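Okay, so here's the structure we're looking at.
We did not get these values from a lab; they are worked out from the coordinates using the rules stated. Everything numeric here is computed off the predicted structure, so don't read it as measured data.
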Amino acid sequence: MEQAVPQTFDRVLSSMCTRPHPVARAAAERFLATNPGDPETYRAVADLETEVVETLGELTGLDQPRGYVASGGTEANIQAVRAARNRASTDDPNVVAPSSVHFSFQKAAEVLGVDLRIAPVGSDRRADPEAMASLVDDDTALVVGVAGTTEYGRVDPIPELADLAAEADALCHVDAAWGGFALPFTDHEWHFGHAAVDTMTIDPHKMGQAVVPAGGLLARDAATMDALAVETPYLESTSQATLTGTRSGAGVASAAAALDELWPDGYRENYERAQANAEWVADALADRGFDVVDPVLPLVAVDLPDSLFAAVQDRDWRLARTARGELRLVCMPHVTRDTLSAFLRDLDACRDE
Ligand code: 0PR
């Protein structure tokens with residue numbers, strides 16, 4: 001049988017995943033047959049997971065971080081909602097989030113039976129604390145902010161949202177699934193050290209250059225992890241706080257290797273290159289007369305006519321759009337200036353057709 005070949009990254013402008021770092025790839029292969037879901041039996045990978053959580057704590061301004069390597073941002077977000085629900089003293093809990101929140105929160109609300117209340121964002125496409133405050137009440141278990149939104153790469157006003165949560169006696173969760181590996185090199189106030197944030201999603205398998213699956217859930221308090229733990233009577237370890245049982249040691253080991261190799265200098269270089277590319281392509285698109293949403297983080301949204309979008313896509317570019325229909329260019333580490341130049345050449349050619 002012929003071997004199936006995966007998508008290469010050469011013409012992928014739509015994805016929040018990227019080519020893993022070579023050390024991450026090698027570590028994943030070494031740890032393919034390990035299960036961090038059973039840390040007493042698979043001790044080496046359990047130690048690596050502790051290292052990952054420690055380093056993610058450093059990235060996000062958290063001393064004594066708790067947490068684990070999840071299957072991705074979806075699991076981490078579901079678990080943040082679950083912990084808040086389990087810690088809340090109401091039997092009718094709600095979660096308040098901006099409309100820019102990732103769709104994983106819809107899944108969380110549905111699975112966990114909590115009410116998801118969505119507030120409109122402001123004209124700057126960021127969460128509007130006042131609009132969110134109007135949805136908060138005594139049953140609010142969690143207030144969510146996004147640090148690096150999926151569609152426009154915006155960073156919500158996290159300190160204000162954390163204050164809102166604290167006043168309501170609710171927890172505050174920050175979804176930095178995508179933005180978390182870029183934000184340490186910016187001036188944004190987004191992390192545990194900047195505000196009373198309780199939990200965070202930050203995914204090594206996105207900008208962290210680990211292999212899939214490697215998401216991250218971090219928590220400030222042990223009580224948050226306790227709220228997630230169930231007893232596991234017949235395993236060597238006696239409780240488990242993760243959502244999945246058996247899980248990928250490859251993801252964990254690759255995250256440890258990537259962080260060891262790239263934090264902080266490699267990630268800074270990645271961010272600076274990606275941000276420069278995003279600004280460069282945003283200017284190039286604006287010069288051509290298109291409406292461009294300026295890139296706060298390395299993600300550019302641009303209004304293209306439907307026919308032009310389809311024509312460029314037909315030239316074998318992998319492209320994604322926002323709910324409003326704008327083209328989204330995610331400037332991940334695999335997206336080089338040459339790639340973007342080639343994309344612009346195809347775009348120009350399609351306009352001339
Ligand atoms: N939170 C945020 C802010 C996200 O952007 C995403 C994923 C998640 C949570 C969920 O993470 P997982 O997909 O790891 O569970 N955002 C991307 C999106 O929905 C996911 C993605 C990744 C899509 C790679 C395509 C792709 O090729 O667009």
Which helices, counted as full DSSP H runs in the chain, have an axial Cα extent of no less than 20 Å and a Kyte-Doolittle average of -1.0 or above? 43-59, 73-87, 337-352
Over the chain, with a Gaussian network built from C-alpha contacts below 10 Å, which listed residue (ARG117, ARG337, ARG315) shows the highest mean-square fluctuation? ARG315
Please work out the C-alpha center-to-center distance from segment 2-21 to segment 170-209 and express it in whole Å. 25 Å
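Kirkwood hydrodynamic radius of segment 74-162 from all distinct Cα pairs, in Å?
In segment 74-162 this quantity evaluates to 12.9 Å.
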Summing -39500 (n - 2.57) over every DSSP H run of at least 4 in the chain, dividing by its residue total and rounding to the nearest 500, the 222 nm mean residue ellipticity is -11500 deg cm²/dmol
Of all beta bridges DSSP finds with both residues in the chain, what is the antiparallel percent, to the nearest 5? 55 percent
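For segment 166-213, what is the relative contact order in percent, using Cα pairs closer than 8 Å and at least 6 residues apart in sequence?
On the way: 54 pairs, mean separation 21.8, N = 48.
In percent, rounded to a whole number, it is 45.
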Take the alpha-carbon centre of segment 262-279, take the same for segment 292-353, and report the distance between them in whole Å. 20 Å
Most mobile listed residue (ASP47, ASP226, ASP124) in the chain, GNM with C-alpha springs under 10 Å: ASP124
Give me the compactness ratio for the chain, meaning the Cα radius of gyration over 2.2 N^0.38 Å. 1.00
Segment 62-148: relative contact order from alpha carbon pairs under 8 Å, six or more residues apart, as a whole percent, is 33 percent
